[in-house]
Structures are given as C-alpha cells and as structure tokens.
Amino acid sequence: MARYFMSLADLGEETAWLLVQQARGIPDAKAPTDFMTERTAVLVFCEEAFIERLCVTAAVRQMGGSVVYQGIGQWRRDLEGSYQRELLCQLGYFVDCMYLYGLPASTWAGAHWDAISFPVVNAGSPDGHPAHVLADVACMLRYSHNSLNGVSIGWAGCDNGTLYSLVEGLRYFPYRLRVALPPLLDATPLRRAAEFHGVNVEFVSSPEEAVEGVDYVFAGCRGGLDDDSLARWRITPALMSKAAPNAHLLLGSTPRHTVQVDKDILCSSTSLLLLQAENRLRVHKRLLHWLFNENERSI
C-alpha cells in the first residue's frame, strides 16, 4: 500500500520529529537533486492557492520531477462521493503521486487506501495543513535553542487548516497554544478537535490576551471580517509589545489572507515569513523521500 499524508497522525510523533530535523539539515533548500527524476506529481486543487502551488511545484521540479496542475472546483461534489475511488485508480496509471488542496481532510477518512497505488498528500485543507505546521516547528526550533519545551504560541484571528494542525501538533510537539478567535466565529469545532486529540488549548477573547507573554505570534486568517473587525485584529507594534521580549511573528496563511500586519513588522527581523517559505520547501522535499521510501531508489 502506498503511503499517504493527510494529517500529522499519518506520520506519528517519531516520524514527524525526524522529518522536521531532516528538513532543517538540508544544506541548501533550493539545491537540485535527481530523486524525482521520471516521476510525475499531479496537483489537484479545488481552490486557487498560488503560493501552495508554487511551493510544491518548486520542490518537485528541483528534485528532477514533473508536475501537472488541475483546478477542479466544479468537480468537488464528485470527489467527495463514490467517484473518488475510480478517479484515483485512473490517475494512478499516469502519475506517481498526488497533492490535494481545498478538500476537507475528513473527506478521505474512509478512502480505500489499499487500492491506491501512489502517495497522496494533503497540501492544505480547511481542517488541516500539516506540512505548514512541520515547517513552522522548524522555524520555532531555530529561534528557541532547538527545543520547544516551554515555548508558547498565540494565535489571533480566524481559524483555518493551519490552526487545526497546530492543535493536532500538540500531540507531538511540546509547545503551548493560546487562541483568540473573532466573536463572529464559533469556537466549538476547534474545541472538539482539541478534545478529540486529547490536548489542551487555551481559548481567550481578544488578540491582546492571545499574545500576552508568548514567544511566537501567529497572524490568523481574516475570513469574513469587515473593516472594523480587521482594524481590531490588526497585528501592530503595540500588540507585539505585549508578547515576550524578542518574540517572532509567523503567518497562519499568505499575507493577503491573514489579518493585517503592519508593514514595519512584516518587513522586520521580527517576521519569519521568508523562513516559513524556505522551511515549507524543505519539508516538502523530505516528505517526498518519506512517501517513496518503500520503493526508494539510490539518491
């Protein structure tokens, strides 16, 4: 059976840590290799996500592979139904692995993985973005003396797949997580996710409470926030001053999809935006090695 990566649980604690460390150990994130030579990855995206598409494409191409992109928003219902298995069987004839974006990871909980002949990766979904969290863990390790013990995270803004994977990540990584969601959002699904994973998430009511004394501030999504709400949840120098000394900013999504971040912060050494991008490239490359481990060729 081919390996698949829909959530951090598909790795487990030991492999999750190993992939993070291997990703950090790549000497040059953009260095070309031949591991994916003669292999083709198909990107099946149900939503437009240029940066995610670019990152995965760069990883595969820099490893010598080929990429086919297909936007299939109009077929979304079919993918969630009985057509799923037939589609995968046909794709397996032409490609060596598949990246999915925009489909809930829960859609694939009952997939017939034993009938799928190639690796499948969740490149981002409303209920999980595991590759992002592995990359963000790598970022935090760099600025936390290679240890997450006692490290605290504050999330301010709307939820998305990255936040759900940060919640799941508490099973494997010893950071603490505090979350403030705008009042218009129902926190019940996130609370249920924390309960399902058996982890503790601290829920607070305001961005000030979320970032108080934390080591890493996550700019959450903007979702359907209006202009007044966006102003209230903006990441400003005054808000960052409430975090721990030398705290860093991470983005929970692309800059255009997060709550607004003052330019003076986003363009400063406080922001780890570029390091996040670099580590996502690293993680996807190491993930490809893991996915093809069972029939791995010489590297």
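The values are calculated or read from the model by the stated rules, or taken from the named source; none is laboratory data. For clarity, every value in this text was computed on a predicted model and none was experimentally measured. Cβ: placed from backbone, ideal geometry, glycine included. Neighbour counts: every protein chain shown.
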Residue check, Val283 against (1) in contact with a Phe, Trp or Tyr (Cβ under 8 Å, 6 or more places away or on another chain); (2) in the same structural domain as Glu48 (by TED's automatic domain parsing), all met but one. Which one? (1)
Considering only residues that are surrounded by 14 or more Cβ atoms within 10 Å (Cβ to Cβ) and of a type in the set (Lys, Arg), look in region 1-51 and name the one that is modelled with the lowest pLDDT. Arg3
Residue by residue through region 13-29, note down the ones that are part of a helix (DSSP H, G or I) and either in contact (Cβ under 8 Å) with a residue 12 or more places away in the chain or touching a Cys at 6+ places or on another chain (Cβ under 6 Å) (or both). Glu13, Thr15, Ala16, Trp17, Leu19, Val20, Gln22, Ala23, Arg24
Residue by residue through region 181-196, note down the ones that are exposed (fewer than 15 other Cβ atoms within 10 Å of the Cβ), among the hydrophobic types (A, V, I, L, M, F, W, C) and over 20 Å from Glu209 (Cβ atoms). Phe196
Would you confirm whether any residue within region 240-249 is part of a helix (DSSP H, G or I) and modelled with pLDDT of 95 or more? yes
Going by what's in this entry, would Tyr164 be described as crowded, with 24+ Cβ neighbours inside 10 Å and on the phi < 0 side of the Ramachandran plot? yes
Residue set Ala23, Ala2, Ala29, Ala16; condition under 15 Å from Cys139 (Cα atoms), more than 16 Å from the chain's Cα centre (by Cα) and of a type in the set (Gly, Ala, Ser); output residue Ala29
Pairs returned, first residue in region 173-189 that is among the hydroxyl-bearing types (Ser, Thr, Tyr), second residue that is outside any loop (DSSP other than H, G, I, E, B) and at pLDDT 95 or above, beta-carbon separation under 9 angstrom, 6 or more apart or interchain, are Tyr175/Val137; Tyr175/Met140; Tyr175/Ser152; Tyr175/Ile153; Tyr175/Leu166; Tyr175/Gly169; Tyr175/Tyr216
Any idea which of Gln84, Gln70 is assigned to a strand (DSSP E or B), surrounded by fewer than 22 Cβ atoms within 10 Å (Cβ to Cβ) and at pLDDT below 95? Gln70
If we keep just the residues of region 251-267 that are in contact with a strand residue (DSSP E or B) (Cβ under 8 Å, 6 or more places away or on another chain) and more than 17 Å from Leu181 (Cβ to Cβ), which is surrounded by the most Cβ atoms within 10 Å (Cβ to Cβ)? Val261
Within region 97-110, identify whether any single residue is in a loop (DSSP other than H, G, I, E, B), farther than 25 Å from Ala49 by Cα and assigned by TED's automatic domain parsing to the domain that holds Phe45, and answer yes or no. yes
